[in-house]
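**Q** Next up is a structure, given as structure tokens.
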Amino acid sequence: MSIPTAPDGRGNSDVRRHNLSLVLRLVHQSRGVPRSALTRSTGLNRSTIAALVGELVERELLVEAEPDASNQVGRPSPLALPGPRPIAFAVNPEIDAITVGVVGLGATVLRRIRHPLAQSPSVSDAVIVTAQLIDQLRGEFGDGHTVLGIGAAIPGLVRAKDGVVRLAPHLHWIDEPFAAELEAATGLPVFAANDANLGTRAESIFGAGRGVADLIYLNGGASGIGGGIISGGRALTGVEGYAGEFGHTVVATAGAVCHCGAVGCLETEVRRDRLVALTGLTDVDSDELEAALLAGDRVDIRTEVLRQTDFLAVALRNAVNILNPSTIILGGFLGSLYAVAPEQLDALVASQPLAASAEAVSVVRSALGVNRLMIGAAELAFASVLEDPSSFVIGET
């Protein structure tokens, strides 16, 4: 079994919190791992791992299970699995819907509700709808669970230090304290970040970017296109957390004026609403849109997909030349574009960037599908317990 690498742990009592965090994080990110693998990965001895796992089990952060011994030689090692008690809420406000999910440790999406909207929500409207959905879900997941908080995936620029939405142009939000207002409405701690950056985190830990040191992720949603960057195994976020706005890469110098005020941005040419209109659908999630695009062989749909793919390739050419990634991950409707015409985008990405940079790069789709932003947002709420498992209050709901 392959599990994430981690720095060596040490068994001294003064680093017990570090070691608890190390073990919990490895189990969380691996979604379950034998104790023997934890011993090899951390460098800690078997008795120390047994004690750490035992404490995390007592705290209801982990559970243990016996592995399938049918194909093993010798005594099998017990499996350490993410515990079911800790959960987080995740929210993604968009121009056409607000999606709220319940996520457990190990990136397990337990429930997901997409609430359609007739128009783009104001901050107060988004807070009211989100609080109502969370109240409903708290009723469903009250007993046997402890809520760690709410993670918000915002389609815009979110200031890292306080979660203020500096600019979400499609939502018409400017300098809005969405996180603080939602916290006041729900009584739960709220953490916010850019949606595509959170999608990048989710795919890097649990999805198509697992184990990849240099990647870029592009997310396409109703509110436009964003992205995230992993370079040398670390997230590249910029000084205030705004890095990765691939949607505002110039791809058409004589193009349309973008919401941001510039001309010819990627998201003025590569747009979900144009694809939705061609399918004749009105309210649709990512999976339904993709199914409609793939159904049949309509010339008008294929023509628009190829047109958008050409512009997407221009943005990717720039990204490959500047960042030299090994993997490009496409999420949301960008993944659907790729599903319709993979040969077109593969050929352009192979031929348009500098040859040396293009040699090592491959294009893949998001492995987490519609759950990618729920999983990424939940990581914000899980962060404090993953850092310090002793802060988790046993039995609190």
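The values are calculated or read from the model by the stated rules, or taken from the named source; none is laboratory data. Computed from a predicted structure; not experimentally measured. Positions of Cβ are generated from backbone atoms using ideal geometry, with glycine treated the same way; all protein chains shown enter the neighbour counts.
**Q** Take Ala222 and tell me if it is assigned by TED's automatic domain parsing to the domain that holds Leu337, over 25 Å from Ile98 (Cβ atoms) and either in contact with an Asp or Glu (Cβ under 7 Å, 6 or more places away or on another chain) or without any contact (Cβ under 8 Å) to a residue 24 or more places away in the chain (or both). Working first, answer last.
**A** Details: assigned by TED's automatic domain parsing to the domain that holds Leu337: yes; over 25 Å from Ile98 (Cβ atoms): no; either in contact with an Asp or Glu (Cβ under 7 Å, 6 or more places away or on another chain) or without any contact (Cβ under 8 Å) to a residue 24 or more places away in the chain (or both): yes.
Answer is no for this residue.
**Q** Being at pLDDT below 95, surrounded by 23 or more Cβ atoms within 10 Å (Cβ to Cβ) and either of a type in the set (Phe, Trp, Tyr) or not in a loop (DSSP other than H, G, I, E, B) (or both): is that true of Ser390 here? Steps first, please.
**A** Values: at pLDDT below 95: yes; surrounded by 23 or more Cβ atoms within 10 Å (Cβ to Cβ): no; either of a type in the set (Phe, Trp, Tyr) or not in a loop (DSSP other than H, G, I, E, B) (or both): yes.
No: the conditions fail for Ser390.
**Q** Do we find that Glu203 is surrounded by 15 or more Cβ atoms within 10 Å (Cβ to Cβ), under 23 Å from Pro116 (Cα atoms) and either small (Gly, Ala, Ser) or modelled with pLDDT of 95 or more (or both) in this structure?
**A** Values: surrounded by 15 or more Cβ atoms within 10 Å (Cβ to Cβ): yes; under 23 Å from Pro116 (Cα atoms): no; either small (Gly, Ala, Ser) or modelled with pLDDT of 95 or more (or both): yes.
The answer is no for Glu203.
**Q** To continue, here is another question. Can you name the number of the only condition in (1) in contact (Cβ under 8 Å) with a residue 12 or more places away in the chain; (2) of a type in the set (D, E, K, R); (3) over 22 Å from Leu368 (Cα atoms) that Asp96 fails?
**A** (3)
**Q** Quick one: would you say His259 is surrounded by fewer than 23 Cβ atoms within 10 Å (Cβ to Cβ) and free of Cβ contacts under 8 Å to residues at least 60 places away in the same chain?
**A** On the way: surrounded by fewer than 23 Cβ atoms within 10 Å (Cβ to Cβ): yes; free of Cβ contacts under 8 Å to residues at least 60 places away in the same chain: no.
Here the answer is no, as His259 does not meet what is asked.
**Q** Go through the residues of the range 352-370 one by one and say whether even a single one is polar (S, T, N, Q) and in contact (Cβ under 8 Å) with a residue 60 or more places away in the chain. Talk me through it step by step, then tell me what you get.
**A** Within the range 352-370, the first condition is being polar (S, T, N, Q), and the residues that meet it are 352, 357, 362, 366.
Of the ones still in play, those that are also in contact (Cβ under 8 Å) with a residue 60 or more places away in the chain are 366.
Scanning the range 352-370, I find at least one residue that is polar (S, T, N, Q) and in contact (Cβ under 8 Å) with a residue 60 or more places away in the chain, so the answer is yes.
**Q** Looking at Ile375, Ile329, which one is buried (at least 18 other Cβ atoms within 10 Å of the Cβ), assigned to a helix (DSSP H, G or I) and of a type outside the set (Ser, Thr, Tyr)? Spell out the reasoning first.
**A** Values: Ile329 fails: assigned to a helix (DSSP H, G or I).
Result: Ile375 is the single residue among Ile375, Ile329 that is buried (at least 18 other Cβ atoms within 10 Å of the Cβ), assigned to a helix (DSSP H, G or I) and of a type outside the set (Ser, Thr, Tyr).
**Q** Here is a follow-up. Within the range 157-173, how many residues turn out to be under 19 Å from the mean Cα position of the chain (by Cα) and either crowded, with 24+ Cβ neighbours inside 10 Å or among the charged types (D, E, K, R) (or both)?
**A** 4
**Q** Here's something else I'd like to know. Sort out which residues of the range 1-33 are modelled with pLDDT under 90 and part of a helix (DSSP H, G or I), and write them in order of number.
**A** Of the range 1-33, the ones modelled with pLDDT under 90 are 1-16.
Residues satisfying the conditions are Ser13, Asp14, Val15, Arg16.
**Q** What's the total number of residues in the range 303-320 that are touching a Pro at 6+ places or on another chain (Cβ under 8 Å) and of a type outside the set (A, V, I, L, M)?
**A** 1
**Q** Just name the residue that is surrounded by the fewest Cβ atoms within 10 Å (Cβ to Cβ) out of those in the range 174-200 that are small (Gly, Ala, Ser) and over 23 Å from Leu26 (Cβ atoms).
**A** Residues of the range 174-200 small (Gly, Ala, Ser): 179-180, 184-185, 187, 192-193, 196, 199.
Retained after the next criterion (residues that are over 23 Å from Leu26 (Cβ atoms)): 179-180, 184-185, 187, 192-193, 196.
Numbers: Ala179: 25, Ala180: 15, Ala184: 12, Ala185: 17, Gly187: 9, Ala192: 28, Ala193: 24, Ala196: 31.
So, considering only residues that are small (Gly, Ala, Ser) and over 23 Å from Leu26 (Cβ atoms), the one surrounded by the fewest Cβ atoms within 10 Å (Cβ to Cβ) is Gly187.
**Q** Provide a single number: the residues in the range 87-108 that are hydrophobic (A, V, I, L, M, F, W, C), within 22 Å of His170 (Cβ to Cβ) and outside any strand (DSSP E or B).
**A** Number satisfying all stated conditions: 1.
**Q** While we're on this one: Could you please find all residues in the range 239-256 being touching a residue at least 60 places away in the same chain (Cβ under 8 Å) and either at positive phi or β-branched (Val, Ile, Thr) (or both)?
**A** Gly241, Thr249, Val251, listed by residue number.
**Q** Further question on the same structure: Within the range 109-159, can you find the residues that are under 24 Å from His170 (Cα atoms), assigned to a helix (DSSP H, G or I) and charged (D, E, K, R)?
**A** The one that is under 24 Å from His170 (Cα atoms), assigned to a helix (DSSP H, G or I) and charged (D, E, K, R): Asp125.
**Q** Do we have any residue at all in the range 330-348 that's among the polar types (S, T, N, Q), touching a Ser or Thr at 6+ places or on another chain (Cβ under 9 Å) and free of Cβ contacts under 8 Å to residues at least 60 places away in the same chain?
**A** Filtering the range 330-348 down to residues among the polar types (S, T, N, Q) leaves 336, 344.
Pick out the ones that are also touching a Ser or Thr at 6+ places or on another chain (Cβ under 9 Å) and you get 336, 344.
Still in the running and free of Cβ contacts under 8 Å to residues at least 60 places away in the same chain: 344.
There is at least one residue in the range 330-348 that is among the polar types (S, T, N, Q), touching a Ser or Thr at 6+ places or on another chain (Cβ under 9 Å) and free of Cβ contacts under 8 Å to residues at least 60 places away in the same chain.
**Q** Right, here's the next one. Would you confirm whether any residue within the range 341-361 is crowded, with 22+ Cβ neighbours inside 10 Å, in a helix (DSSP H, G or I) and not basic (Lys, Arg)?
**A** Keep residues of the range 341-361 that are crowded, with 22+ Cβ neighbours inside 10 Å, which gives 345.
Adding the requirement that they be in a helix (DSSP H, G or I) leaves 345.
From what's left, not basic (Lys, Arg): 345.
Yes, the range 341-361 has at least one match.
Let's see how each residue does on (1) among the acidic types (Asp, Glu); (2) out of contact with any Leu (no Cβ under 8 Å at 6 or more places or on another chain):
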{"position": "Gly209", "(1), (2)": "no, no"}
{"position": "Leu215", "(1), (2)": "no, yes"}
{"position": "Gly220", "(1), (2)": "no, no"}
{"position": "Ile229", "(1), (2)": "no, no"}
{"position": "Tyr242", "(1), (2)": "no, no"}
{"position": "Glu245", "(1), (2)": "yes, no"}
{"position": "Thr249", "(1), (2)": "no, no"}
